[in-house]
């Protein structure tokens, strides 16, 4: 993930039912995860985030593009290759768009 540092996308994780903040922190440290992740209090589908975003699986991951649009949603661990391919695609699209506009992307 170091190659994607400061690139134009966001990756967000939401954990529903059964995971508390300390467990999530330990998992993130062990797995060296660098994206934002949230614990939704309550049983699966009953917490405020899960209810609003219709989440039933944990973890659920979102990839958000440079315009703030959710482009990918994975329910359950998608695997590193799947996430890397999706993020590479988002970065390439953002860089092409920026180049067409005469600007540069980090």
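Looking at the structure I just gave you, is residue 60 touching a strand residue (DSSP E or B) at 6+ places or on another chain (Cβ under 8 Å), closer than 15 Å to residue 76 by Cβ and surrounded by fewer than 16 Cβ atoms within 10 Å (Cβ to Cβ)?
Details: touching a strand residue (DSSP E or B) at 6+ places or on another chain (Cβ under 8 Å): yes; closer than 15 Å to residue 76 by Cβ: yes; surrounded by fewer than 16 Cβ atoms within 10 Å (Cβ to Cβ): no.
No: the conditions fail for residue 60.
If the requirement is being loosely packed, with under 11 Cβ neighbours inside 10 Å, out of contact with any strand residue (DSSP E or B) (no Cβ under 6 Å at 6 or more places or on another chain) and outside any loop (DSSP other than H, G, I, E, B), which of these qualifies: 98, 30, 25? Among 98, 30, 25, only 30 is loosely packed, with under 11 Cβ neighbours inside 10 Å, out of contact with any strand residue (DSSP E or B) (no Cβ under 6 Å at 6 or more places or on another chain) and outside any loop (DSSP other than H, G, I, E, B).
Just give me the residues in the range 62-77 being under 18 Å from residue 47 (Cα atoms) and modelled with pLDDT of 90 or more, in sequence order. Spell out how you get there, then give the answer.
Initially, the range 62-77 is screened for residues under 18 Å from residue 47 (Cα atoms), giving 62, 75-76.
Selection gives 62 alone.
Of the candidates 91, 82, the single residue that is in a helix (DSSP H, G or I), at pLDDT 90 or above, surrounded by fewer than 16 Cβ atoms within 10 Å (Cβ to Cβ) and out of contact with any helix residue (DSSP H, G or I) (no Cβ under 6 Å at 6 or more places or on another chain) is 82.
Filter the range 9-22 for residues that are more than 15 Å from the chain's Cα centre (by Cα) and either touching a residue at least 24 places away in the same chain (Cβ under 8 Å) or assigned to a loop (DSSP other than H, G, I, E, B) (or both); which is surrounded by the most Cβ atoms within 10 Å (Cβ to Cβ)?
Let us first name the residues in the range 9-22 that are more than 15 Å from the chain's Cα centre (by Cα), namely 17-22.
Right, trim to either touching a residue at least 24 places away in the same chain (Cβ under 8 Å) or assigned to a loop (DSSP other than H, G, I, E, B) (or both) and you get 17-20.
Numbers: 17: 18, 18: 11, 19: 16, 20: 11.
Among residues in the range 9-22 that are more than 15 Å from the chain's Cα centre (by Cα) and either touching a residue at least 24 places away in the same chain (Cβ under 8 Å) or assigned to a loop (DSSP other than H, G, I, E, B) (or both), the one surrounded by the most Cβ atoms within 10 Å (Cβ to Cβ) is 17.
The values are calculated or read from the model by the stated rules, or taken from the named source; none is laboratory data. In this text, all values refer to a predicted model and were calculated from it rather than measured experimentally. As a convention, Cβ positions derive from the backbone with ideal geometry for all residues, glycine included, and neighbour counts pool all protein chains shown.
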